[in-house]
Amino acid sequence: MSTILLAGGAGYIGSHTALELLNAGYDVIVVDNYANSSPEAIHRVERLTGNNIALYEADVKDTEALSRIFANHSIDAVIHFAGLKAVGESVQKPIMYYRNNIDTTLALLEVMNSYNVKNIIFSSSATVYGEENKVPFAETMPRGACTNPYGWTKSMMEQIFEDAAKADDKLSVVLLRYFNPIGSHESGMIGEDPQGIPNNLMPYVTQVAVGKRECLTIFGKDYPTPDGTCRRDYIHVVDLAKGHVKAIDYILAQDKCCEIFNLGTGVPYSVTEIVETFERVNNIKVNHVYGPRRAGDLAELYANADKAFNILGWKTEKTLEDMCRDSWNWQKNNPNGYRN
Ligand code: NAD
Ligand code: WQD
């Protein structure tokens, strides 16, 4: 049985991936400093699967703490989720974002090298396509100019991984570019638990629905899209987590690789469609108004998802209805997230 270390594994995507890896028969170890998460997420994954997870509280920038974990376990592959991800905050605190996101990456690569661990999967983002490329975004397109420091950290880290893979003929790297993950596990036991005012659309919608926020502002109604609101490639987090399992199967089967895969559905939905679908499937009103555009938003952003299908044999299975239902199921069962 192969052992996978999830750096930042207590977070939203990491906890769902931990669950799917365990279901697929992998052993899972998690390291997280809980900068944006809670150990409760991992305890719930243990309850859902009946498995134990070795859980370490540590900063992934800390090479000594990482070394102790690598010394304790025989690790076959690492998935690097650990990062700060709030776009607006990254504009206010760029140094903190560059320090955290890039140093976690360098520390992991250094310690992996010391312990001869040669497989790493990285949580990248569709944001690296920038403004210049045309939708649907394909992996063959060059990285573009990002609109914020968070995006630049992802772009720079992709470059770091590519350079490291070039220099080490044993190091395998898979860069996964996520589009817009939403939804939660169908149990409603794990989900997205943002601290403070949500930055992203779906948690804002669910918090309005549950009565924690008064009203959603839809940012812009004058985009060149069918209904004037922005369109995104929303992907169910369970589909996304299963994409990681396929990527782990793939990387462990290669002698050597350095590949990029989009993880998206290939189908865009508008903000208005999200709100209307959420209201319809959950039979609940979401107060909303239309406001001005948000700085930095692109009109449309969606994936060409062919490569992940052709090479990993992965495609999404969940519908927008599933995403809206499961997001609400998590929120209504856990109105205060993991702080119940
Ligand atoms: P998240 O905040 O829920 O998870 C990130 C985890 O990393 C958290 O548990 C946090 O505590 C941990 N972390 C941060 N810095 C750390 C450090 N120095 N040491 C140890 N742990 C640390 O976010 P998520 O949505 O699960 O995202 C996971 C990854 O995917 C991130 O790298 C994010 O940038 C990337 N990503 C997310 C999205 C999205 O919309 N959610 C889209 C594209 C890419
Ligand atoms: C989605 C749509 C908003 C909130 C971000 C990052 C990206 C990636 C995913 C990490 C947009 C609209 C939102 C609200 C709204 N993250 N919206 N009212 O901006 O596509 O992507 O998360 O890598 O890098 O930039 O996601 O959820 O913030 O917005 O109208 O209160 O919802 O304008 O059209 P985005 P989002």
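The values are calculated or read from the model by the stated rules, or taken from the named source; none is laboratory data. Quantities reported herein were computed from a predicted structural model and do not represent experimental measurements. Every residue, glycine as well, gets a Cβ built from its backbone with ideal geometry; the counts of neighbours run over all protein chains shown.
Go over the candidates Arg68, Arg44 one by one and state the one that is in contact (Cβ under 8 Å) with a residue 60 or more places away in the chain and more than 17 Å from the chain's Cα centre (by Cα). Selected residue: Arg44, the only one of Arg68, Arg44 that is in contact (Cβ under 8 Å) with a residue 60 or more places away in the chain and more than 17 Å from the chain's Cα centre (by Cα).
When each of Asp27, Asp76 is tested for being touching a residue at least 40 places away in the same chain (Cβ under 8 Å), more than 16 Å from ligand 2 (Cβ to nearest atom) and of a type outside the set (Gly, Ala, Ser), the lone residue that passes is Asp76. Tallying residues that are within 10 Å of ligand 1 (Cβ to nearest atom) and touching a strand residue (DSSP E or B) at 6+ places or on another chain (Cβ under 7 Å) within region 109-132 yields 6.
Results for (1) surrounded by fewer than 23 Cβ atoms within 10 Å (Cβ to Cβ); (2) more than 17 Å from the chain's Cα centre (by Cα); (3) touching a residue at least 12 places away in the same chain (Cβ under 8 Å), shown as yes or no for each residue.
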{"position": "Gly183", "(1), (2), (3)": "no, no, yes"}
{"position": "Ile190", "(1), (2), (3)": "no, no, yes"}
{"position": "Gly196", "(1), (2), (3)": "yes, yes, no"}
{"position": "Cys215", "(1), (2), (3)": "yes, yes, yes"}
{"position": "Gly220", "(1), (2), (3)": "yes, yes, yes"}
{"position": "Asp233", "(1), (2), (3)": "no, no, yes"}
{"position": "Val245", "(1), (2), (3)": "yes, no, yes"}
{"position": "Phe261", "(1), (2), (3)": "no, no, yes"}
{"position": "Thr272", "(1), (2), (3)": "yes, yes, yes"}
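Number of residues in region 125-172 that are in a helix (DSSP H, G or I) and among the hydrophobic types (A, V, I, L, M, F, W, C) equals 10. One residue stands out in region 284-322 among those that are under 22 Å from Gln195 (Cβ atoms) and either more than 16 Å from ligand 1 (Cβ to nearest atom) or not small (Gly, Ala, Ser) (or both): the one that is surrounded by the most Cβ atoms within 10 Å (Cβ to Cβ), namely Val286. Got at least one residue in region 18-27 being of a type in the set (Asp, Glu) and under 24 Å from Glu158 (Cα atoms)? So far as region 18-27 goes, no, none of its residues is of a type in the set (Asp, Glu) and under 24 Å from Glu158 (Cα atoms).
Restrict the check to region 299-317 and report whether at least one residue is farther than 18 Å from Ala138 by Cβ and of a type in the set (S, T, N, Q). No; the residues of region 299-317 include none that is farther than 18 Å from Ala138 by Cβ and of a type in the set (S, T, N, Q). Scanning region 122-161 for residues that are more than 14 Å from ligand 2 (Cβ to nearest atom), among the acidic types (Asp, Glu) and either out of contact with any helix residue (DSSP H, G or I) (no Cβ under 9 Å at 6 or more places or on another chain) or at pLDDT below 95 (or both) turns up just one, Glu132. What about Ile79, is it farther than 19 Å from Tyr338 by Cα, within 10 Å of ligand 1 (Cβ to nearest atom) and under 17 Å from the mean Cα position of the chain (by Cα)? When the stated conditions are applied, Ile79 passes them. Kindly establish whether Val237 is at pLDDT 95 or above and closer than 30 Å to Ala165 by Cα. Yes: the conditions hold for Val237. Given the criteria more than 16 Å from ligand 2 (Cβ to nearest atom) and closer than 22 Å to Gly191 by Cα, does Glu64 qualify? Taking the combined requirement at face value, the residue does not satisfy it.
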